[in-house]
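These notes are about the structure you will find just below.
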Amino acid sequence: MKLHLFNISNFKVDGGAMFGVVPKALWSRVYPADENNLIVITLRSLVVETDGHIILIDTGYGDKQDEKFFRYVYLHGGEGLLNGLKSIGYTAGDITDVVLTHLHADHCGGCVRKKSGSSGYEMVFPNAMHHVSRAQWEWASVNNLREADAFLEENIVPIGQSGRLNLVDEEDELFPGFSIRMCYGHTPGLMIPLIHYKNQTLVYTGDLIPTTAHLPLIWNMSYDIESLKTIEEKRNILEEALENKYILVFQHDIKTECCTLEMTPKGIRAKEKFSFSEFLAGASL
Ligand SMILES: [Zn+2]
């Protein structure tokens, strides 16, 4: 198995929305905000090469929407989706599988683009099967007022029409050494990948635990549809991760790519924080 982590882009999001009911006096000490109360977060994607598959986890925003849409996103920095892949040696055509943790715009938008020179859309990874949980696909297809800004038709419908959609029903091994957990608190059918590399397990925490600041059970995003479910799902995965010494990989944390865990009087918290390349360098056979 080969692994690569890269940052598609940074973007800005309202700090209050990222930390729900936690007062700014508390969260701003661990995750600083700018004068507009915005915080900078990343869009890290993981590429897993295993058993003949080249798997990309999540694809960032893409670039289909208009200037008005992106005015409040403040995309900046990062390597870009196709450039980031190129820098680790892959072309779009090499990707055999795209695993979409869920269908919110910042996670799936990059796998569909506008056709150049004509109207309509095309898939960015033409040879890839796109894996989405059935629960998320059905939920997003109906849509709802709370998530209407996040589930965008132009991101989702073309995936269904491509004939390259695999709906994932159960928590299972999707590929050798690559399994998923289903979560329902952030949005129904959020898939959290667990990757077994050498003798270690990585958890790509996605929107279940977007940053290290979200390790406390009650520090959750107000984007979550059902907070109590998020708390239980975090508790379960953190307890399992602590017991089995899993390594967490953060999609959205501007400072921290990976951490190990320890029990503290306040609950499970980060023990050591390190970069993904440090993890790869230290991973034993
Ligand atoms: Zn989300």
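The values are calculated or read from the model by the stated rules, or taken from the named source; none is laboratory data. The structure presented is a predicted model; accordingly, all values stated were derived computationally and were not measured. Cβ: placed from backbone, ideal geometry, glycine included. Neighbour counts: every protein chain shown. Areas reflect the complete protein model, heavy atoms only, side chains present, ligands, DNA and RNA absent. Shrake-Rupley method; radii C 1.70, N 1.55, O 1.52, S 1.80 Å.
The set of residues in the range 1-47 being among the acidic types (Asp, Glu) and in a loop (DSSP other than H, G, I, E, B) consists of 34, 35. In this structure, is residue 275 touching a residue at least 40 places away in the same chain (Cβ under 8 Å), open to solvent by 20 Å² or more (accessible area, probe 1.4 Å), under 25 Å from residue 99 (Cα atoms) and of a type outside the set (Lys, Arg)? So residue 275 fails the test. Taken as a whole, the range 67-87 holds at least one residue that is touching a strand residue (DSSP E or B) at 6+ places or on another chain (Cβ under 7 Å) and under 25 Å from residue 188 (Cα atoms). Condition test on residue 264, is it open to solvent by 10 Å² or more (accessible area, probe 1.4 Å), closer than 23 Å to residue 4 by Cα and of a type in the set (Val, Ile, Thr)? Answer is no for this residue.
Is there a residue being within 19 Å of residue 100 (Cα to Cα), surrounded by fewer than 22 Cβ atoms within 10 Å (Cβ to Cβ) and in contact with a His (Cβ under 8 Å, 6 or more places away or on another chain) anywhere in the range 10-24? Within the range 10-24, one or more residues are within 19 Å of residue 100 (Cα to Cα), surrounded by fewer than 22 Cβ atoms within 10 Å (Cβ to Cβ) and in contact with a His (Cβ under 8 Å, 6 or more places away or on another chain). Of everything in the range 59-102 that is of a type in the set (D, E, K, R), in a loop (DSSP other than H, G, I, E, B) and free of Cβ contacts under 8 Å to residues at least 60 places away in the same chain, the residue that is nearest to the ligand (Cβ to nearest atom) is 63.
For (1) at pLDDT 95 or above; (2) part of a loop (DSSP other than H, G, I, E, B); (3) under 18 Å from the mean Cα position of the chain (by Cα), each residue gets a yes or a no:
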{"position": "107", "(1), (2), (3)": "yes, no, yes"}
{"position": "110", "(1), (2), (3)": "yes, no, yes"}
{"position": "119", "(1), (2), (3)": "no, yes, no"}
{"position": "136", "(1), (2), (3)": "yes, no, yes"}
{"position": "157", "(1), (2), (3)": "yes, no, no"}
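Please tell me if residue 225 is within 16 Å of the ligand (Cβ to nearest atom), of a type outside the set (Gly, Ala, Ser), touching a residue at least 24 places away in the same chain (Cβ under 8 Å) and crowded, with 23+ Cβ neighbours inside 10 Å. The answer is no for residue 225. Counting the residues of the range 227-285 that are among the aliphatic types (A, V, I, L, M), out of contact with any Asp or Glu (no Cβ under 9 Å at 6 or more places or on another chain) and closer than 14 Å to residue 192 by Cβ gives 5.
Of all residues in the range 174-192, those that are open to solvent by less than 10 Å² (accessible area, probe 1.4 Å), in contact with a strand residue (DSSP E or B) (Cβ under 8 Å, 6 or more places away or on another chain) and within 15 Å of the ligand (Cβ to nearest atom) total 5.
Among the residues making up the range 121-134, those that are assigned to a strand (DSSP E or B) and either at pLDDT below 95 or more than 16 Å from the ligand (Cβ to nearest atom) (or both) are 121, 122, 123, 129, 130, 131. Any residue at all in the range 228-247 that is open to solvent by 80 Å² or more (accessible area, probe 1.4 Å) and within 21 Å of residue 24 (Cβ to Cβ)? Checked the range 228-247: no residue is open to solvent by 80 Å² or more (accessible area, probe 1.4 Å) and within 21 Å of residue 24 (Cβ to Cβ).
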